[in-house]
Amino acid sequence: MRILSFRNGFTLAEVLITLGIIGVVAALTLPSLIQHYKKQVWVNQLKKTVSVLENGFKLIMTTESADKLSDTTLWQTALSSSCDNAPYCAEFYNIFSKYFKVGGNLDNYRTFSSLNNSQNTVFGTYREIKLNSGANLMFAYFTNTPSSSNPWGPHSHVATVVIDVNGNQKPNQVGRDVFFFGIHKLGNLIPFGSKKAAYAYCYETYASQNNPTAENMAACYQSLSTYNVWNYSSNSNACSESGNGQYCAARIIEEGWKMDY
(Lines give C-alpha, C1' and ligand atoms only; values in the text may rest on other atoms or scores of the structure.)
Protein backbone atom coordinates (compact mmCIF):
# COMPACT_ATOMS: atom_id res chain seq x y z
CA MET A 1 0.00 0.00 0.00
CA ARG A 2 1.27 3.47 -0.92
CA ILE A 3 1.40 5.84 1.98
CA LEU A 4 0.83 9.53 1.23
CA SER A 5 2.69 12.06 3.34
CA PHE A 6 1.64 15.66 3.73
CA ARG A 7 3.87 18.50 4.71
CA ASN A 8 2.40 20.59 7.53
CA GLY A 9 3.50 24.21 8.13
CA PHE A 10 6.70 25.95 7.13
CA THR A 11 10.31 25.36 7.93
CA LEU A 12 12.15 27.71 10.26
CA ALA A 13 14.16 29.06 7.33
CA GLU A 14 11.01 29.89 5.38
CA VAL A 15 9.51 31.69 8.36
CA LEU A 16 12.66 33.74 8.89
CA ILE A 17 12.84 34.69 5.23
CA THR A 18 9.19 35.77 5.26
CA LEU A 19 9.68 37.83 8.40
CA GLY A 20 12.74 39.42 6.87
CA ILE A 21 10.81 40.45 3.78
CA ILE A 22 8.00 41.86 5.93
CA GLY A 23 10.55 43.80 7.96
CA VAL A 24 12.15 45.32 4.87
CA VAL A 25 8.77 46.35 3.44
CA ALA A 26 7.73 47.84 6.79
CA ALA A 27 10.99 49.77 7.07
CA LEU A 28 10.41 51.26 3.63
CA THR A 29 6.73 52.12 4.02
CA LEU A 30 6.27 52.90 7.74
CA PRO A 31 7.95 56.35 7.74
CA SER A 32 5.78 57.39 4.81
CA LEU A 33 2.63 56.15 6.54
CA ILE A 34 3.55 57.93 9.77
CA GLN A 35 4.22 61.19 7.93
CA HIS A 36 0.92 60.90 6.05
CA TYR A 37 -0.89 60.32 9.34
CA LYS A 38 0.77 63.37 10.94
CA LYS A 39 -0.22 65.56 7.98
CA GLN A 40 -3.83 64.42 8.25
CA VAL A 41 -3.87 65.15 11.98
CA TRP A 42 -2.48 68.67 11.42
CA VAL A 43 -5.00 69.39 8.67
CA ASN A 44 -7.92 68.13 10.75
CA GLN A 45 -6.80 70.24 13.72
CA LEU A 46 -6.45 73.28 11.48
CA LYS A 47 -9.91 72.80 9.98
CA LYS A 48 -11.46 72.44 13.43
CA THR A 49 -9.69 75.52 14.81
CA VAL A 50 -10.69 77.69 11.83
CA SER A 51 -14.32 76.62 12.28
CA VAL A 52 -14.24 77.35 16.03
CA LEU A 53 -12.80 80.82 15.49
CA GLU A 54 -15.14 81.82 12.68
CA ASN A 55 -18.22 80.63 14.58
CA GLY A 56 -17.07 82.39 17.73
CA PHE A 57 -16.35 85.69 15.99
CA LYS A 58 -19.76 85.65 14.31
CA LEU A 59 -21.42 84.86 17.64
CA ILE A 60 -19.72 87.89 19.20
CA MET A 61 -20.98 90.10 16.36
CA THR A 62 -24.50 88.71 16.65
CA THR A 63 -24.59 89.09 20.44
CA GLU A 64 -23.46 92.70 20.24
CA SER A 65 -25.48 93.52 17.10
CA ALA A 66 -22.27 94.66 15.41
CA ASP A 67 -21.94 94.90 11.64
CA LYS A 68 -18.16 94.49 11.77
CA LEU A 69 -15.86 92.56 14.06
CA SER A 70 -13.83 95.71 14.59
CA ASP A 71 -16.93 97.32 16.15
CA THR A 72 -17.20 94.69 18.90
CA THR A 73 -16.12 95.19 22.48
CA LEU A 74 -13.45 92.54 21.99
CA TRP A 75 -11.75 94.51 19.20
CA GLN A 76 -12.16 97.89 20.84
CA THR A 77 -10.56 96.47 23.96
CA ALA A 78 -7.64 95.13 21.94
CA LEU A 79 -7.12 98.49 20.28
CA SER A 80 -7.41 100.59 23.44
CA SER A 81 -5.15 98.25 25.42
CA SER A 82 -2.49 97.88 22.69
CA CYS A 83 -2.88 94.13 22.87
CA ASP A 84 -0.18 93.58 20.25
CA ASN A 85 2.40 94.21 22.95
CA ALA A 86 0.71 94.27 26.35
CA PRO A 87 1.60 91.27 28.53
CA TYR A 88 -1.45 89.10 29.13
CA CYS A 89 -3.89 91.83 28.01
CA ALA A 90 -6.38 90.73 30.66
CA GLU A 91 -9.55 92.47 29.46
CA PHE A 92 -9.22 91.13 25.91
CA TYR A 93 -8.64 87.65 27.30
CA ASN A 94 -11.65 87.88 29.64
CA ILE A 95 -14.01 88.83 26.81
CA PHE A 96 -12.50 86.25 24.48
CA SER A 97 -12.95 83.50 27.09
CA LYS A 98 -16.70 84.16 27.25
CA TYR A 99 -17.08 82.88 23.69
CA PHE A 100 -14.28 80.32 23.41
CA LYS A 101 -13.10 77.41 25.53
CA VAL A 102 -9.69 78.59 26.61
CA GLY A 103 -6.95 77.00 28.64
CA GLY A 104 -4.72 79.95 29.40
CA ASN A 105 -3.41 83.37 28.44
CA LEU A 106 0.23 83.01 27.49
CA ASP A 107 3.11 85.42 27.18
CA ASN A 108 5.75 83.39 25.39
CA TYR A 109 8.41 84.29 22.89
CA ARG A 110 7.65 81.58 20.37
CA THR A 111 10.13 80.51 17.71
CA PHE A 112 9.05 78.56 14.63
CA SER A 113 11.17 77.15 11.84
CA SER A 114 10.23 78.02 8.27
CA LEU A 115 9.01 75.41 5.79
CA ASN A 116 12.28 75.55 3.86
CA ASN A 117 14.29 75.57 7.11
CA SER A 118 16.13 78.67 5.94
CA GLN A 119 15.26 80.74 8.98
CA ASN A 120 13.49 80.86 12.31
CA THR A 121 10.56 83.18 12.91
CA VAL A 122 10.13 84.69 16.37
CA PHE A 123 6.74 85.89 17.57
CA GLY A 124 7.59 87.85 20.67
CA THR A 125 4.83 90.47 20.65
CA TYR A 126 1.84 88.45 19.48
CA ARG A 127 -1.00 88.10 21.97
CA GLU A 128 -1.11 84.36 22.63
CA ILE A 129 -4.08 82.35 23.92
CA LYS A 130 -4.33 78.61 24.39
CA LEU A 131 -7.57 76.82 23.48
CA ASN A 132 -8.73 73.74 25.37
CA SER A 133 -8.41 71.84 22.10
CA GLY A 134 -4.63 72.21 22.39
CA ALA A 135 -4.20 74.86 19.70
CA ASN A 136 -2.39 78.12 20.45
CA LEU A 137 -3.58 81.38 18.88
CA MET A 138 -1.27 84.36 18.37
CA PHE A 139 -3.03 87.67 17.63
CA ALA A 140 -1.47 90.86 16.29
CA TYR A 141 -2.03 93.96 14.15
CA PHE A 142 -5.48 94.85 15.43
CA THR A 143 -7.09 97.68 13.49
CA ASN A 144 -10.41 99.45 13.04
CA THR A 145 -10.15 99.82 9.30
CA PRO A 146 -8.56 97.32 6.90
CA SER A 147 -6.15 98.87 4.44
CA SER A 148 -5.40 97.71 0.90
CA SER A 149 -1.63 97.92 1.00
CA ASN A 150 -0.94 94.22 0.54
CA PRO A 151 -3.06 91.67 -1.36
CA TRP A 152 -1.46 88.59 0.20
CA GLY A 153 -0.85 89.39 3.84
CA PRO A 154 -2.74 90.66 6.86
CA HIS A 155 -3.19 94.27 5.81
CA SER A 156 -6.54 93.72 4.10
CA HIS A 157 -7.98 92.54 7.41
CA VAL A 158 -8.70 93.77 10.93
CA ALA A 159 -6.11 91.55 12.63
CA THR A 160 -3.68 88.71 12.08
CA VAL A 161 -3.91 85.36 13.81
CA VAL A 162 -1.26 82.66 13.68
CA ILE A 163 -2.57 79.21 14.56
CA ASP A 164 -0.29 76.58 16.07
CA VAL A 165 -2.63 73.60 15.82
CA ASN A 166 -0.88 71.49 18.47
CA GLY A 167 0.43 74.13 20.84
CA ASN A 168 4.02 73.68 21.96
CA GLN A 169 4.34 70.22 20.44
CA LYS A 170 6.76 69.70 17.58
CA PRO A 171 7.49 70.32 14.79
CA ASN A 172 6.60 74.00 15.40
CA GLN A 173 7.15 74.62 11.69
CA VAL A 174 5.37 77.12 9.49
CA GLY A 175 3.33 75.21 6.92
CA ARG A 176 3.19 72.02 8.99
CA ASP A 177 1.53 72.82 12.30
CA VAL A 178 1.73 76.65 12.18
CA PHE A 179 -0.46 78.69 9.81
CA PHE A 180 -1.09 82.38 9.00
CA PHE A 181 -4.50 84.04 8.58
CA GLY A 182 -5.93 87.50 8.32
CA ILE A 183 -9.19 88.04 10.20
CA HIS A 184 -11.77 89.66 7.96
CA LYS A 185 -14.03 92.40 9.30
CA LEU A 186 -17.02 90.02 8.95
CA GLY A 187 -15.42 87.36 11.14
CA ASN A 188 -14.02 85.05 8.46
CA LEU A 189 -10.45 83.76 8.48
CA ILE A 190 -8.62 84.44 5.22
CA PRO A 191 -5.36 82.55 4.63
CA PHE A 192 -2.30 84.54 3.66
CA GLY A 193 -1.68 84.27 -0.07
CA SER A 194 -5.15 82.95 -0.91
CA LYS A 195 -7.64 83.85 -3.60
CA LYS A 196 -9.88 85.16 -0.82
CA ALA A 197 -7.10 87.50 0.28
CA ALA A 198 -6.80 88.79 -3.28
CA TYR A 199 -10.54 89.41 -3.44
CA ALA A 200 -10.52 91.22 -0.08
CA TYR A 201 -7.63 93.37 -1.29
CA CYS A 202 -9.51 94.35 -4.44
CA TYR A 203 -12.66 95.18 -2.52
CA GLU A 204 -10.87 97.38 0.03
CA THR A 205 -8.90 99.09 -2.76
CA TYR A 206 -12.02 100.23 -4.58
CA ALA A 207 -14.14 100.70 -1.46
CA SER A 208 -11.62 103.29 -0.29
CA GLN A 209 -12.21 105.06 -3.61
CA ASN A 210 -16.00 104.67 -3.28
CA ASN A 211 -15.93 102.81 -6.58
CA PRO A 212 -16.15 99.03 -6.05
CA THR A 213 -17.98 98.40 -9.31
CA ALA A 214 -18.27 94.92 -10.73
CA GLU A 215 -15.99 95.90 -13.62
CA ASN A 216 -13.28 97.28 -11.35
CA MET A 217 -13.46 94.26 -9.06
CA ALA A 218 -13.27 91.81 -11.95
CA ALA A 219 -10.28 93.56 -13.50
CA CYS A 220 -8.43 93.77 -10.19
CA TYR A 221 -9.12 90.17 -9.25
CA GLN A 222 -8.11 88.92 -12.69
CA SER A 223 -4.80 90.77 -12.46
CA LEU A 224 -4.05 89.04 -9.15
CA SER A 225 -5.30 85.55 -10.03
CA THR A 226 -3.12 84.98 -13.08
CA TYR A 227 -0.93 82.78 -10.92
CA ASN A 228 -1.33 80.93 -7.65
CA VAL A 229 0.68 83.09 -5.31
CA TRP A 230 1.11 80.37 -2.72
CA ASN A 231 2.99 78.28 -5.26
CA TYR A 232 4.87 81.12 -6.93
CA SER A 233 8.54 80.12 -6.86
CA SER A 234 9.98 83.61 -6.48
CA ASN A 235 7.79 84.54 -3.51
CA SER A 236 9.60 84.20 -0.20
CA ASN A 237 6.32 83.32 1.57
CA ALA A 238 5.36 80.56 -0.85
CA CYS A 239 4.29 77.10 0.23
CA SER A 240 7.15 75.44 -1.63
CA GLU A 241 10.78 74.43 -1.22
CA SER A 242 11.81 78.02 -1.92
CA GLY A 243 9.34 79.64 0.48
CA ASN A 244 8.96 80.01 4.22
CA GLY A 245 5.46 78.48 4.25
CA GLN A 246 3.29 81.43 5.26
CA TYR A 247 0.96 80.70 2.31
CA CYS A 248 0.50 77.01 3.17
CA ALA A 249 -2.94 77.43 4.77
CA ALA A 250 -4.13 78.84 1.43
CA ARG A 251 -2.69 75.88 -0.42
CA ILE A 252 -4.23 73.34 1.96
CA ILE A 253 -7.71 74.88 1.85
CA GLU A 254 -7.80 75.62 -1.88
CA GLU A 255 -6.79 72.03 -2.64
CA GLY A 256 -9.66 70.61 -0.59
CA TRP A 257 -8.03 70.49 2.85
CA LYS A 258 -5.04 68.43 1.75
CA MET A 259 -1.38 68.76 2.69
CA ASP A 260 0.16 67.34 -0.46
CA TYR A 261 3.64 68.76 0.00
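The values are calculated or read from the model by the stated rules, or taken from the named source; none is laboratory data. Given the structure is predicted, the values throughout are model-derived calculations rather than measurements. Methodologically, a virtual Cβ is constructed for each residue, glycine included, from the backbone with ideal geometry; neighbour enumeration extends over all protein chains shown.
Quick check: is even one residue across region 237-245 outside any loop (DSSP other than H, G, I, E, B) and modelled with pLDDT of 80 or more? Checked region 237-245: no residue is outside any loop (DSSP other than H, G, I, E, B) and modelled with pLDDT of 80 or more. Would you say L137 is hydrophobic (A, V, I, L, M, F, W, C), at pLDDT 90 or above and in contact with a Gly (Cβ under 6 Å, 6 or more places away or on another chain)? The answer is no for L137. Annotation: of all residues in region 102-116 being in a strand (DSSP E or B) and modelled with pLDDT of 85 or more, the one that is surrounded by the fewest Cβ atoms within 10 Å (Cβ to Cβ) is G104. Using the structure shown, decide if P191 is over 19 Å from F112 (Cα atoms) and crowded, with 21+ Cβ neighbours inside 10 Å. The answer is no for P191. The set of residues in region 140-179 being in a strand (DSSP E or B) and either over 21 Å from C89 (Cα atoms) or of a type in the set (S, T, Y) (or both) consists of T160, Q173, V174, V178, F179.
Among residues belonging to region 160-195 that are among the small types (G, A, S) and modelled with pLDDT under 90, point out the one that is nearest to G256 (Cα to Cα).
Here the residue is S194.
A Cβ distance below 8 Å, combined with a sequence gap of six or more or placement on separate chains, defines the contacts here; from region 197-225, residues that are within 23 Å of Y247 (Cα to Cα) reach no residue that is acidic (D, E) and at pLDDT below 75. The set of residues in region 75-92 being more than 20 Å from S147 (Cα to Cα) and surrounded by 20 or more Cβ atoms within 10 Å (Cβ to Cβ) consists of C89, F92. Taken over region 117-131, the criterion of being of a type outside the set (S, T, N, Q) and either in contact with a helix residue (DSSP H, G or I) (Cβ under 6 Å, 6 or more places away or on another chain) or modelled with pLDDT under 70 (or both) is satisfied by V122, F123, G124.
Can you tell me which residues in region 147-176 are among the charged types (D, E, K, R) and buried (at least 23 other Cβ atoms within 10 Å of the Cβ)?
Matches in region 147-176: D164 only.
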